[in-house]
Amino acid sequence: MRPFATLAALVAIVAPVQPAAAAQKAPVLPWSAPATTEVVTENRRFTSGDVELSGTLYLPRNAKPVAAIVVTHSASSPLGSASLYDHLKTMMPALGIAVFTYDRRGSGGSGTRDAGGSFALLADDAIAAVQSLKADPRIDPRRIGTWGLSQGGWISPLAASRSRDIAFVISVAAPVATADVQMIFSSTNHLKANGYSEAEVDQMVATRKAVDDYMRGTASREAAQRLIDAAKAKPWFKYTYMGETVRDRAVSGWRKEIENDPLTNLTAVEVPTLVLYGANDAVVPVAYSVERLKTVASQMPKMEVHVVAGADHAMQMSVDEKTSLDPKHDGTERADSPEYIAVLAGWLAAHGFTGALTRTNGGDGGR
């Protein structure tokens, strides 16, 4: 694993990224100074297939084209305005990198038709977002990558495996496990953090497995529904993130999700890839994921894996486990781990994605 750039080197790379004009708003205090980086914020729409999606571009004003990051969504943060993405909008322009967030299809300004559990469709939306940015002369078309957290960390590699327009991938807190394995892990921790007994955990696991077995065609829908009926009135049922009715497996989005192995998608990625986990993540099985990544490390020389000390699923350190697992806080997370920020910035600098000058191997984003 190549070492990250030192702080001095990072400063040297970022420093040349000077604005072409003063900050967007004049200082209101007599002792204020104009911000060094001026960020241009633009609402944009783009088309993916037969759907029009709505997003916002955060672009550092610069005389030369800059790199860009397209954000792919966490399952609980489908809107581009979610606080989960605020740190990217703040830090990336200062590094000379534009950020594009958009509302996931079926949410916000992106219509009412969702993806129906199709990760491929969501990946194609990310690819369409990248292609829309390539046409912008202010953005370097050779240095557009993706960043995704949790489910978005599955979507970003899948998009890169389907398109050569994506120059790099950053996957954060995405389990290298199928969705059914991840959800049993997560729901178990939800119940334990809220004081439920082992017997209640066992009931939850049995309920989830019955539904998953039906989706795989190895058990009946009726058997799964009986366990759902017995569990849905329990106070812990909300932590399973399951509906009260078992859908027909022929049309179920959940079936599509559990049939997707993210390791398969990841090994198809050929561009520089950074995989980040929080050591204290109670939502995804980090240790299991890291072990699976080790099995393919020799096949992926451009992949780097880093586990961030003290960070949770959203790269937070300031929130206790019970709060971070409370469904009412879904979509309100804010990354605040200094180590996460440092590693992310250092990796981008080391691979030539910061600043306005192309600094990649062969000038093609490190392919």
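Summary table
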| read-out | value |
| --- | --- |
| Single residue of the range 46-66 satisfying the filter (small (Gly, Ala, Ser) and in contact (Cβ under 8 Å) with a residue 60 or more places away in the chain) that is farthest from Lys89 (Cα to Cα) | Gly49 |
| Residue within the range 306-314 that is surrounded by fewer than 19 Cβ atoms within 10 Å (Cβ to Cβ), of a type in the set (D, E, K, R) and on the phi < 0 side of the Ramachandran plot present | no |
| Members of the range 81-104 that are in a helix (DSSP H, G or I) and among the aliphatic types (A, V, I, L, M) | Leu84, Leu88, Met91, Met92, Ala94 |
| Selection count where residues are among the charged types (D, E, K, R) and within 20 Å of Ala173 (Cβ to Cβ), scope the range 68-106 | 3 |
| Among (1) crowded, with 21+ Cβ neighbours inside 10 Å; (2) at pLDDT 95 or above; (3) within 30 Å of Met317 (Cα to Cα) - the single one Ala224 does not satisfy | (3) |
| Members of the range 63-77 found to be over 15 Å from Val130 (Cα atoms) and within 15 Å of the chain's Cα centre (by Cα), listed by number | Ser74, Ala75, Ser76, Ser77 |
| Tabulated pairs, the range 212-236, first of a type in the set (Lys, Arg), second in a helix (DSSP H, G or I) and at pLDDT 95 or above, C-beta under 8 angstrom, 6+ apart or interchain | Arg221/Tyr214; Lys234/Glu200; Lys234/Gln203 |
| Condition check for Trp154: touching a strand residue (DSSP E or B) at 6+ places or on another chain (Cβ under 6 Å) and on the phi < 0 side of the Ramachandran plot | no |
| Conditions (1) within 30 Å of Asp86 (Cβ to Cβ); (2) touching a Lys or Arg at 6+ places or on another chain (Cβ under 7 Å); number of the one not met by Ile184 | (1) |
| In the range 190-199, residue surrounded by the fewest Cβ atoms within 10 Å (Cβ to Cβ) [restricted to those that are outside any helix (DSSP H, G or I) and either of a type in the set (Phe, Trp, Tyr) or touching a Leu at 6+ places or on another chain (Cβ under 9 Å) (or both)] | Ser197 |
| Criterion violated by Ala135 - all others in (1) within 28 Å of Ala223 (Cα to Cα); (2) more than 19 Å from the chain's Cα centre (by Cα); (3) in the same structural domain as Lys64 (by TED's automatic domain parsing) satisfied | (1) |
| Tabulated pairs, the range 248-270, first at pLDDT below 90, second among the hydroxyl-bearing types (Ser, Thr, Tyr) and outside any loop (DSSP other than H, G, I, E, B), C-beta under 7 angstrom, 6+ apart or interchain | Asn265/Ser161 |
| Residue that is surrounded by the fewest Cβ atoms within 10 Å (Cβ to Cβ) [pool: residues in the range 110-127 that are part of a helix (DSSP H, G or I) and in contact with a Gly (Cβ under 9 Å, 6 or more places away or on another chain)] | Leu121 |
| Flag for Asp202 being more than 28 Å from Val307 (Cα to Cα) and crowded, with 24+ Cβ neighbours inside 10 Å | no |
| Elements of type helices (runs of 4 or more DSSP H) contained in the range 240-324, each with 3 or more residues being more than 18 Å from the chain's Cα centre (by Cα) and within 24 Å of Lys209 (Cβ to Cβ) | 253-258, 286-294 |
| Output for the range 21-49, where each listed residue is within 31 Å of the chain's Cα centre (by Cα), farther than 30 Å from Arg113 by Cα, assigned to a loop (DSSP other than H, G, I, E, B) and at pLDDT 85 or above | Ala35, Thr36, Thr37, Glu38 |
| Residues of the range 131-146 classified as under 24 Å from Pro262 (Cβ atoms) and surrounded by fewer than 24 Cβ atoms within 10 Å (Cβ to Cβ), total | 1 |
| Residue that is surrounded by the fewest Cβ atoms within 10 Å (Cβ to Cβ) [pool: residues in the range 32-82 that are of a type in the set (S, T, N, Q) and within 24 Å of Thr354 (Cβ to Cβ)] | Thr41 |
| Condition met for Gly365 (farther than 30 Å from Tyr241 by Cβ, at pLDDT below 95, touching a strand residue (DSSP E or B) at 6+ places or on another chain (Cβ under 6 Å) and crowded, with 18+ Cβ neighbours inside 10 Å) | yes |
| Members of the range 143-189 found to be aromatic (Phe, Trp, Tyr) and not in a helix (DSSP H, G or I), listed by number | Trp147, Phe168 |
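The values are calculated or read from the model by the stated rules, or taken from the named source; none is laboratory data. Quick caveat, the model's predicted, so the values are computed rather than measured. Using ideal geometry, Cβ is built from the backbone for each residue, glycine included, and neighbour counts are taken over all protein chains shown.
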